[in-house]
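A quick write-up on the structure given underneath.
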Amino acid sequence: MQIILSSVLEYCGGVKRALKLADEQLRSVHDRPVYSLGQLIHNRIVTDEFERRGLVAINAPSEGKGGVLVVRAHGMTDEERREFLAAGYSLVDATCPVVTRNLALIRKYASDHHILVIGERGHAEVNSMMGIDGIHPILLSSPADVVSLARDGSYAAFVQTTFEEEKWQEIQEALRPFRVVFVNQICPASTARRKAVVDLAGKCDALIVIGGRNSANTQALASLARQTNPSLAVYSIESEKDVTDEMRHFQKVGLATGASTAHETLLAVRHALSHS
């Protein structure tokens with residue numbers, strides 16, 4: 001078996017920064033508990049290790065006892081920020097700089113535009129964009145959502161940084177008849193990772209995407225691989241424990257990772273494929 005690695009495998013910059021900040025807090029803070037707002041990143045293997053070290057994931061101030069709260073890379077709503085500060089938590093902001101910039105631009109454009117947020121309902125980054133005080137964005141998750149927009153409005157559109165490229169293009173096309181400023185784009189790191197998967201999908205008999213089951217970008221990569229090469233066998237797994245004999249029967253197997261997948265997990269999967 002030949003194993004071919006994707007050309008883009010590392011954590012994205014936002015994930016690296018969030019993990020670094022959380023690690024620093026666990027190392028330096030000993031007199032107060034350290035929490036994360038929800039799951040720090042969408043990778044159970046990594047978050048289980050942080051939990052073992054003492055990081056506790058909470059979703060509301062009442063779920064903790066006060067202390068240090070690490071804000072995940074997706075950001076937080078203004079209401080969440082107020083509630084945690086009022087409850088006595090100290091915030092360590094690990095919001096991805098790209099997301100932080102987008103949130104600032106939403107505030108800027110909201111003065112003379114209706115704000116459109118393009119993304120998956122319920123995604124943490126989308127919640128942050130939707131949850132800015134005094135702004136009431138319209139959420140678009142598919143081209144069908146566009147029909148509800150008023151034709152005479154002036155809009156500024158912001159896309160979730162990890163949104164599926166194909167859906168984003170379809171929604172942009174549906175918005176062409178409207179007066180819309182497309183302010184941002186999908187994160188360049190996410191775009192590069194997807195281009196690498198498209199390239200890999202043409203070189204393999206099977207492709208394994210490694211990442212958390214609740215990771216939107218990981219599942220999007222697997223979906224993209226299937227669309228790119230319908231005859232390709234595509235598997236989405238979390239760790240080396242998910243490797244099966246079936247995966248070992250292909251001549252050329254590609255390995256790709258989501259933005260929150262540790263390099264150690266990739267190495268473990270590669271080893272498991274090579275050893276039955």
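About the Cα centre, and with charges only on the beta carbon of Lys, Arg (+1) and Asp, Glu (-1), how big is the dipole of the chain? Nearest 20 debye, please. Spell out each step's value before the answer.
Values: 30 positive and 32 negative charges, 89 e Å.
Using Cβ point charges on Lys, Arg, Asp and Glu, the chain gives about 420 debye.
Which sequence of Ser236, Ser6, Ser274 reflects their accessible areas, 1.4 Å probe, from the largest down? Intermediate values should be presented prior to the final figure.
Numbers: Ser236 40, Ser6 10, Ser274 75 Å².
In descending accessible area the options line up as Ser274, Ser236, Ser6.
Could you please put Leu21, Leu221 in sequence from largest to smallest accessible area, using a 1.4 Å probe?
On the way: Leu21 35, Leu221 5 Å².
The most accessible residue leads, giving Leu21, Leu221.
Roughly how many Å² of Tyr155 are accessible to a 1.4 Å probe, to the nearest 10?
10
Can you sort Thr244, Thr162 by solvent-accessible area, 1.4 Å probe, largest first?
Values: Thr244 60, Thr162 30 Å².
From most exposed to least exposed: Thr244, Thr162.
Counting only protein heavy atoms, what percent of the accessible surface of the chain is carbon or sulfur at a 1.4 Å probe? Before the final figure, lay out each step's value.
Details: 6590 of 13110 Å².
Here it works out to 50 percent.
Using the Cα centre as the reference, give the magnitude of the dipole from point charges on the C-beta atoms of region 1-144 (Lys, Arg: +1; Asp, Glu: -1; all else neutral), rounded to the nearest 20 debye.
Values: 16 positive and 17 negative charges, 49 e Å.
In debye, rounded to 20, region 1-144 gives about 240.
Kindly provide the helix-only [θ] at 222 nm of the chain, computed as the sum of -39,500 (n - 2.57) over DSSP H runs of four or more divided by all residues, to the nearest 500 deg cm²/dmol? Write out the running numbers ahead of the final one.
Numbers: 9 runs with 104 residues, N = 276.
Taken over the chain, the calculation gives -11500 deg cm²/dmol.
Restricted to Cα positions, what overall size does region 121-276 have along the principal axes? Three whole-Å values, descending.
Cα spread of region 121-276 along its principal axes, largest to smallest: 62, 32, 22 Å.
Measuring from the lowest to the highest alpha carbon on each principal axis, how far does region 24-148 reach, largest first, in angstroms?
51, 31, 25 Å, listed from the longest principal axis down.
Picking from Ala18, Ile106, Gly134, whose Cα lies most toward the positive end of the charge dipole for region 1-139 (charges on Cβ: Lys, Arg +1; Asp, Glu -1)?
Checking the options against the dipole of region 1-139, the answer is Ala18.
For a quick protection proxy, order the peptides 98-107, 177-186 by their average other-Cβ count within 10 Å, most packed first. Working shown, then result.
Values: 98-107: 17.2, 177-186: 15.5.
Listed from highest to lowest mean packing, they are 98-107, 177-186.
Would you check the chain for Lys pairs whose C-alpha atoms are within less than 20 Å, ignoring same-chain pairs closer than 8 in sequence, and give me the count?
Values: Lys167/Lys195; Lys195/Lys203; Lys195/Lys252; Lys203/Lys252.
Count of close lysine pairs: 4.
Can you tell me the accessible area per residue over the chain, all protein chains present, probe 1.4 angstrom, in square angstrom? It would help to have the intermediate numbers written out before the result.
Values: 13110 Å² over 276 residues.
With all protein chains present, the chain gives 47 Å² per residue.
Below 10 angstrom from the Cβ of Gly134, what's the summed charge of the other residues (Lys, Arg +1; Asp, Glu -1)? Mind dumping the intermediate values first?
On the way: positive: Arg107; negative: Asp78, Asp133.
After counting each charged neighbour, the total is -1.
The values are calculated or read from the model by the stated rules, or taken from the named source; none is laboratory data. Please read all numbers here as calculations on a predicted model, not as lab measurements. A quick note on method: Cβ atoms are made from the backbone with ideal geometry, for glycine too, and the neighbour counts reach across all protein chains shown. Heavy atoms of the whole protein, side chains included, go into the accessibility calculation; ligands, DNA and RNA do not. Shrake-Rupley method; radii C 1.70, N 1.55, O 1.52, S 1.80 Å.
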